Amino acid sequence: MCGIFGCIGVEEAARLILDGNFCLNHRGQEGAGLAVWNPENEELNFERRFGLASHLKQKVDPTKFKGFSGIGHVRYGTVGKSNIANVQPLVREFFGETLAVAHNGDFIKVEFGQEVLTIPEVKNRLEKDGVVFETTGDTEVIFALIARAPKENIIDKIIYTLNHMIGAFCLLISWRDHLIVARDPWGFHPLWLGKYGAGYVFSSEDCAFGHLNVEPVREIEPGEILVITPNLEVKHFRIERQVIMAFCSFEYVYLARPDSTIFGQSVSKVRRMMGQQTGLEMLELGTLPLNAKVVPILDSGRTSSLGLLEVILWQRAKQMLASKMNPEDLRLEDLLNYGFGVNRNQYSLRNFILADEHSRHIGADLKHNVDRAEVEGWEILECDDSVVRSDTIAKHVARLKRMGATKVHAAIPSPRVVGSCYYGVATRDTTKLVANNLSLEATREKIGADTLHHISLPGFKKCLGCDGKNFCTACFGDQYPIDPD
Ligand code: SF4
């Protein structure tokens, strides 16, 4: 997962791109960059920095990036080392042309002549042909493939190459004063089109449009390629590959912001339904603690915790009505068992997408703090978005108990993560996935919770809509849409 943002036909494109990166920072915190075409001297100016988008913004003077079109990127490393060479946009020159590429997702394979090769295999072939790669990631391979494509002009070469790439890719390519936009035919990750005055804007999520007064138009369709010329003519192309769509369901669990709409649905609505479904399943199993205080783990557990709370309040209201209690006996505090028992340091980063284990460990400590006043003497039902490695949830449970919670139950509105992701989320090492190593009961014991419930896979798919048809749920135990080997 990364964030990409680009525009064309916009005065001071650099300012908008820097702000766009900032609005997408939740999708990648490792590095940020921008590339802007300067039509006066016909040069592509670019800058890439390690760290947050705000860091890039501080270091870059947007007035020096003159131009009307360009692209930006915030990196969350999935493939390749955590170093500046892998921070995007990547920029390469060949045949007298300069291309800049911003990529969200992971390329997996390439149709290379008559063969289908994995990215390491194709890199190896190209290296033997004399291509020197400067990065350890998957994105860079696209330059060598574009250069070799058997077409005459650069746009045809790009379209040819995109038709031979297999994997997850939302791409923004800057070539001279043109912008090329593409989304893989599986549609793994989201990409939006917006209007800004006469110009066009592209963003991984539409939450950025609200901040920047960009008018949302629509999501780029799976398999769609747009080529936008300097006079803002939009040329439409398609990737000619017949596949079943595979929208990443983990975008709804964690990756996307709740105020975004992706794959045609509001993230907050889907997340809330996941919380409701989790509560309904616990109710059916008789494990929903109706007197517990619901505590969301901020931020991504917040929206689903409301759905969970709705089920509890609904049951409590039914109990009250059935008991024919005197309304005068109803106390204010009886109604809403909900509290921010775990607070988030607003200056902390998203922990799941930190690059290494040590940073995640320290990051979890610095990110959350338990408010004793909210939890002491209470049975707590904590709601977190997912359990991947289990270290973070174990810390929360221990802290809640240390601060006086009488019991801690964990409700997780996503199924157990049992498999790696090869399409843009860094869960490649299955040995680190707790669900891959321990049973549900052993996991509960490990994290120290009194009960642990994950939403069922069928229940989860119900919340995605169409029973999960057209969604990727491979890391939750379903079939992989593209064979990674
Ligand atoms: Fe998303 Fe999981 Fe599929 Fe990866 S495997 S694309 S994280 S649903």
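None of the figures in this text is laboratory data; all of them are computed from the coordinates on show. What you see is a predicted model, and the numbers here were worked out from it, not measured in a lab. Using ideal geometry, Cβ is built from the backbone for each residue, glycine included, and neighbour counts are taken over all protein chains shown.
What the table shows:
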{"read-out": "Eligible lysines near residue 462 by straight Cα distance, threshold 22 Å, same-chain separation 8 or greater", "value": "269"}
{"read-out": "Packing-based order for 365-372, 66-73, 382-389, using average beta carbon neighbours within 10 Å, highest first", "value": "66-73, 382-389, 365-372"}
{"read-out": "Antiparallel bridge percentage (DSSP; both residues within the chain; nearest 5)", "value": "80"}
{"read-out": "Cβ crowding within 10 Å averaged over residues, with 164-175, 136-147, 395-406 ranked highest first", "value": "164-175, 136-147, 395-406"}
{"read-out": "Crossing angle, helix 13-23 versus the chain [Cα axis fit, 0-90 degrees, rounded to tens]", "value": "30"}
{"read-out": "Relative contact order %, the chain, counting alpha carbon pairs below 8 Å whose residues are six or more apart", "value": "13"}
{"read-out": "Hydrodynamic radius of region 314-462 per Kirkwood, over alpha carbon pairs, in Å", "value": "17.4"}
{"read-out": "Among beta bridges that DSSP assigns inside region 314-467, antiparallel share in %, nearest 5", "value": "25"}
{"read-out": "Overall form of region 417-476 per C-alpha gyration tensor (a/c, 1.5; a/b vs b/c)", "value": "oblate"}
{"read-out": "Karplus (6.51, -1.76, 1.60) ³J(HN,Hα), θ = phi - 60°, over region 310-325, in Hz, Gly and Pro reported as x", "value": "4, 5, 5, 5, 4, 5, 5, 5, 5, 4, 5, 5, 5, 7, 6, 5"}
{"read-out": "Pairwise Cα inverse-distance average, inverted: Kirkwood Rh of the chain (Å)", "value": "23.6"}
{"read-out": "Highest to lowest packing among 272-280, 223-231, 409-417, scored as the average C-beta count within 10 Å", "value": "409-417, 272-280, 223-231"}
{"read-out": "Virtual spin-label span in nm between residue 319 and residue 436, 7 Å along Cα→Cβ", "value": "4.1"}
{"read-out": "Rounded FRET efficiency, nearest 0.05, which uses the C-beta distance separating residue 238 from residue 94 and R0 of 35 Å", "value": "0.85"}
{"read-out": "Centre separation in Å (Cα based) which lies between region 419-481 and region 305-333", "value": "32"}
{"read-out": "Proximal lysines relative to residue 128, as straight alpha-carbon distance under 26 Å, when same-chain residues fewer than 8 apart are discounted", "value": "81, 109, 151, 157"}
{"read-out": "Degrees between helix 391-402 axis and first principal axis of the chain (Cα, 0 to 90, nearest 10)", "value": "30"}
{"read-out": "Lysine pairs in region 298-451 with Cα atoms under 26 Å, if 8 or more residues apart or on separate chains", "value": "13"}
